[in-house]
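Comments concern the structure below.
Values in this text are rule-based calculations from the coordinates and carry no lab data. The structure displayed is predicted, hence computed values, not measured ones. Counting neighbours? That spans all protein chains shown, and the Cβs are built from the backbone with ideal geometry, glycine included.
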Amino acid sequence: MNDARALAAQALDQVVRGGVSLRSAFADVAPRLADARDRALVSALLHEGARWWLRYDALLGRLLQKPLRGREPVVHALLVVGLVQLAVLGLPEYAAVAGTVEAVRTLKRPQLAGLVNAVLRRFLRERATLDAAAAADRALATAHPPWLVQQLARDWPDDVDAILAANNAPAALVLRANRRRTTPDALVARLLDAGHAAAAHAWLPDAVVLEDSTDVTRLSGYAQGEFSVQDGAAQLAPDLLDLRDGLRVLDACAAPGGKSAHCLERHALDLLALDRDAQRLAPMRENFARLGLGATITAGDAADPAGWWDGRAFDRILLDAPCSATGVIRRQPDIRLHRRAGDIERAAAEQAQLLDRLWPLLRPGGRLVYATCSILPRENADQVAAFLSRTADARARDGVPPRFGRAAGPGRQNLPGVDGMDGFFYAVVDKVA
Ligand SMILES: C[S@@+](CC[C@H](N)C(=O)[O-])C[C@H]1O[C@@H](n2cnc3c(N)ncnc32)[C@H](O)[C@@H]1O
């Protein structure tokens, strides 16, 4: 089977019901699509299907007389894929409806072809009324889970609508030029030559913004390690760590290694890249090899240093903590399907434990940078404030550039889409000498 819509429906069902990540669902189907246009279509259907699932899944409740989700989950996912083609991707009506009806045959459900055709046509006829009904409900209109909308409304009452809109807006692709191999200007020139709209970032020294989304691994210079993909918000770590050649640095939650690699591109460091998830170490090793970087890569639980620490204090610690990832929903739309309200307290408890367990490993006079891609104060400003109040020799430093987001307790918080960047939090904490 190589019908793009049918494959997208199966993959989307895996994401929604199977709890599979969008990234691995797409990685599973991509090799079955020889044609680049089919790959691009499946990617768009899958990403937008996950992004808009909560809206169009609910809408199908109004469009179908008898629910399909339980009996025919893949056809139900196909209907969401059909609605997304019409309502989000703006594909021509005939192609979208005929292609989706064809896909139901590919899925060996020809008896449901008439139903799929009728539901999509009814949507086209009643769209204005259906849109008006959805507009009255913030969670439904923006396809977010109600618990998250309520949490954001409590945490960011003046910004909640902008955050929800940013999560549904396209995000430019941002690259990080590897200083050891090229410069942002040389990278921009190469991309422009290849016909891509690209520009150096206005204030991040290593960042290049690519307007059109493309498979970067096929771009010239990628295999030679000239650049990596990394959102601008994630490109602050080396500056905040105040690095110099020779420092001993711990990246406590390192995989897949984006921030470690950036630090190593800037300085010759004695860097330990640690991660609890051993499966994520191999891609990190490949990445470092591609970029021409050297580090010690170790599997271990950062909260249990006895398992991996040799007793020598670190000059710098980066804690890019596991978190709700609520700042990167625009790039990973499946987060809104997989995250649950109870995950936030669990993540906060883990973050607090990581801060407490890693702090003794920092030498007096050293620095810890705490970062998350969350926008929830519980994991960010409140988390670091609580750490400071229970840790006598920890001092917050006002080290994050004011250009980056807004002041948030002892750190700074960027909200998604602001200045084109992901939602991200940083705090800089020095240890009294
Ligand atoms: C936000 S990601 C890190 C991204 C990475 N710093 C980068 O820039 O590419 C969080 C990572 O923390 C790891 N992790 C979670 N809990 C951990 C623990 N207790 N010890 C070590 N690593 C942990 C996860 O496996 C995941 O790879």
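Taking the highest mean first, how do the peptides 148-157, 299-308 order by number of other beta carbon atoms within 10 angstrom per residue?
Packing order, densest peptide first, comes out as 148-157, 299-308.
Using the Karplus equation 6.51 cos²θ - 1.76 cosθ + 1.60 (θ = phi - 60°), what ³J(HN,Hα) coupling, rounded to whole Hz, does each residue of the range 44-59 give in order, writing x for Gly and Pro?
Running phi through 6.51 cos²θ - 1.76 cosθ + 1.60 with θ = phi - 60° gives 5, 5, 6, 5, 6, x, 5, 4, 9, 3, 4, 7, 7, 4, 5, 4 Hz.
Scan around Leu362 for amide H atoms under 5 Å from its own, H built in the peptide plane at 1.01 Å from N, and keep only partners 5 or more places away or cross-chain.
When sequence neighbours closer than 5 places are left aside, the close amide H contacts are Phe314.
Go through 137-146, 38-47 and give me the packing order, highest mean Cβ count within 10 Å leading.
38-47, 137-146
What is the mean projected area of the alpha carbon convex hull for the range 173-229, to one decimal in square nanometres?
It is 3.3 nm².
May I ask you to work out the translational diffusion coefficient for the range 233-431 at 10 °C, viscosity 1.306 mPa s, via Stokes-Einstein with Rh from the Kirkwood sum over Cα pairs, reported in whole µm²/s?
After rounding, the answer is 94 µm²/s.
Kirkwood Rh and Cα-based Rg: tell me the resulting Rg over Rh for the range 223-331, rounded to two decimals.
On the Cα set of the range 223-331, Rg over Rh gives 0.94.
Which residues' amide hydrogens lie under 5 Å from the amide hydrogen of Gly327, considering only partners 5 or more residues apart or on another chain, with H built in the peptide plane?
Ser374, Ile375
Using 0.36 nm times the number of residues separating Arg395 and Asn117, minus their current alpha carbon distance, what extension gain do you get?
So the extension gain works out to 93.8 nm.
Short version: ³J(HN,Hα) in whole Hz for each residue of the range 161-171, in order, from phi by Karplus 6.51 cos²θ - 1.76 cosθ + 1.60 (θ = phi - 60°), x for Gly and Pro, what are they?
My calculation for the range 161-171 gives 5, 5, 5, 5, 5, 5, 5, 9, 9, x, 10 Hz in order.
Could you pull out every residue, at least 5 positions away or on a different chain, whose amide H is within less than 5 Å of the one on Leu271? Hs are placed 1.01 Å off N in the peptide plane, and Pro or chain starts have none.
Amide H neighbours of Leu271: Val249, Thr296.
Could you please report the charge total around His47, scoring K, R as +1 and D, E as -1 over all other residues with beta-carbon less than 13 angstrom from its beta-carbon?
Taking every Cβ under 13 Å from that of His47, the sum is +4.
Bin width 10 Å, alpha-carbon pairs only: give the P(r) of the range 34-121 as whole percents, running from 0 to the bin holding the largest distance.
The percentages, shortest bin first, are 18, 54, 26, 2.
Report D for the range 317-389 in µm² per second (integer): Stokes-Einstein, Kirkwood Rh on Cα pairs, 37 °C, 0.692 mPa s.
252
Spelling out what I want: for every residue of the range 420-433, take phi, set θ = phi - 60°, compute 6.51 cos²θ - 1.76 cosθ + 1.60 (Karplus), and round to whole Hz; glycine and proline get x.
Calculated HN-Hα couplings, in order: x, 9, 5, x, 7, 10, 9, 9, 10, 10, 9, 9, 4, 6 Hz.
Using the Kirkwood radius over C-alpha pairs as Rh, can you work out the diffusion coefficient of the chain via Stokes-Einstein at 4 °C, viscosity 1.567 mPa s, in µm² per second?
Roughly 56 µm²/s, to the nearest whole number.
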